[in-house]
1. Which whole number gives the average count of other chain Cβ atoms within 10 Å of the Cβ atoms across peptide A:26-36?
2. For chain B, build the charge dipole from Cβ charges (+1 Lys, Arg; -1 Asp, Glu) around the Cα centre, then report which of B:N7, B:Y25, B:G96 sits farthest towards its positive end.
3. For a quick check, take a GNM of chain B with Cα springs below 10 Å and name the residue from B:Y25, B:Y87, B:Y39 with the largest mean-square fluctuation.
4. I need the Kirkwood Rh of chain A: take the reciprocal of the average 1/r across all distinct C-alpha pairs and report it in angstrom.
5. Not counting ligands, DNA or RNA, and with a 1.4 Å probe, what is A:E27's accessible surface area in Å² rounded to the nearest 10?
6. If you average 1/r over all unlike Cα pairs in chain B and invert the result, what Kirkwood radius do you get in angstrom?
7. What nm distance separates the two modelled labels at A:V112 and B:E57, each placed 7 Å from Cα along Cα→Cβ?
8. Label-point separation (nm) for A:E79 and A:T5, each offset 7 Å from Cα along Cα-to-Cβ?
Amino acid sequence: DAGITQSPRHKVTETGTPVTLRCHQTENHRYMYWYRQDPGHGLRLIHYSYGVKDTDKGEVSDGYSVSRSKTEDFLLTLESATSSQTSVYFCAIRAQRGYGYTFGSGTRLTVV
Amino acid sequence: QKEVEQNSGPLSVPEGAIASLNCTYSDRGSQSFFWYRQYSGKSPELIMFIYSNGDKEDGRFTAQLNKASQYVSLLIRDSQPSDSATYLCAVDNNAGNMLTFGGGTRLMVKP
């Protein structure tokens, strides 16, 4: 998607290993978000950021950490991957409060 | 727990008909409301937003908001097979810093 890229697009990893997903934006937007999408649960917020080094937890943050050292990059780390973290992960950006999100293309993560 | 509820469907309509998608939300402080379209295997795409009570039209799409009833809807006129997708309702929290999404309604438009 224009202005926002996620990497990798697909990843298979083993239980217990750490995994880092990257979200990169070129829009200079203040707000960045990580969601996961699962059948029957829809999109659920993991963590979000409202500025460099400013982050907060969402509703499903256990087992995940984030970092934002630059405006353009927002990293999501699974500290020790579990099978329950198999999901599609979406990053989103937002220019201002009250505006809609623009989503990245997603990362399909499989934990075996 | 702030919630956004949608009927999961599938909602099946014939080509050329009006598709009506509905959403209810629980946070009375919400000020911003969004509709996203998501094709299978793709990311959500913003198609409509509405902030004030009433109707907002954009081409074949009309968003309707009733804050008193905590109800948002999306009407798609002259439905096309290419409109077949899952439609996600999203509601801002009252601080305006994050969206809560409904589970989505799957729409099928049959030729």
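1. Details: counts 0, 0, 0, 0, 1, 2, 0, 3, 0, 4, 0.
Other-chain Cβ atoms within 10 Å of each residue's Cβ, averaged: 1.
2. B:N7
3. Largest GNM mean-square fluctuation: B:Y39.
4. Details: mean 1/r = 0.0724 Å⁻¹.
Every distinct Cα pair counted, the radius reaches 13.8 Å.
5. 80
6. On the way: mean 1/r = 0.0719 Å⁻¹.
Evaluated on chain B, it is 13.9 Å.
7. Going by the 7 Å Cα→Cβ label model, 5.4 nm.
8. Label at A:E79, label at A:T5, 3.1 nm between them.
The values are calculated or read from the model by the stated rules, or taken from the named source; none is laboratory data. This structure is a prediction, so every number in the text was calculated from the model and none was measured. Positions of Cβ are backbone-derived with ideal geometry, glycine not excepted, and every protein chain shown enters the neighbour counts. Remember, those area values only see protein heavy atoms, side chains included, never the ligands or the DNA or RNA. Shrake-Rupley method; radii C 1.70, N 1.55, O 1.52, S 1.80 Å.
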